[in-house]
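First comes the structure, then the notes that go with it.
What follows draws every value from the coordinates through simple rules; no lab data is involved. Everything numeric in this text was worked out from a predicted model, so none of it was measured. FYI the Cβ positions are ideal-geometry reconstructions off the backbone, even for glycines, and counts take in every protein chain you see.
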Amino acid sequence: MINRIGGQIQSQNLLKIKKIVDNDYNGDKFAIVRTKKNVEFMREYGLNNEDVKDIIRQLTVNDCFAGPEPDRDPRYKGWILKFCPLFENIKLYIKIRIENTEKSVCLSIHEFGRYDEGEKK
């Protein structure tokens with residue numbers, strides 16, 4: 001029962017993320033943090049912001065392995081979800097913060113395990 005409830009919560013949050021991504025046109029609702037890891041991953045695979053949004057649109061609740069959990073950084077409000085989908089036969093690590101019903105941020109997107117997230121699936 002708990003797993004089903006957890007799955008429903010993850011599913012609702014994933015739908016919220018996808019809706020935000022779909023309603024974003026210029027980065028006002030959905031942003032990708034320009035960390036070195038994210039930039040390197042996007043450059044290595046020739047991806048732009050729209051490509052990342054397409055990857056996020058393809059996420060399923062089965063890709064979610066953690067969350068929703070509060071952001072560890074007290075400066076930010078919102079909930080963190082972590083995903084590990086396959087992209088071109090490569091397992092990815094994607095961490096997204098939902099700040100509210102209108103705004104979401106992709107904190108991490110790169111090859112899973114490449115930077116030792118300390119997370120297991």
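Take LYS37 and tell me if it is of a type outside the set (S, T, N, Q) and within 21 Å of SER11 (Cα to Cα). Full working, then the answer.
Numbers: of a type outside the set (S, T, N, Q): yes; within 21 Å of SER11 (Cα to Cα): no.
Against the criterion (of a type outside the set (S, T, N, Q) and within 21 Å of SER11 (Cα to Cα)), LYS37 does not qualify.
Residue selection: ASN26 fails the criterion of being assigned to a helix (DSSP H, G or I) and either surrounded by 12 or more Cβ atoms within 10 Å (Cβ to Cβ) or not acidic (Asp, Glu) (or both).
Residues of the stretch 81-88 include at least one that is over 21 Å from ASP24 (Cβ atoms), touching a Leu at 6+ places or on another chain (Cβ under 8 Å) and exposed (fewer than 15 other Cβ atoms within 10 Å of the Cβ).
Taking GLU50, is it exposed (fewer than 14 other Cβ atoms within 10 Å of the Cβ) and in a helix (DSSP H, G or I)?
On the way: exposed (fewer than 14 other Cβ atoms within 10 Å of the Cβ): yes; in a helix (DSSP H, G or I): yes.
Yes.
So, in the stretch 35-47, of the ones that are assigned to a loop (DSSP other than H, G, I, E, B) and either of a type in the set (Ser, Thr, Tyr) or within 14 Å of the chain's Cα centre (by Cα) (or both), which residue ends up surrounded by the most Cβ atoms within 10 Å (Cβ to Cβ)? By that ranking, first place goes to TYR45.
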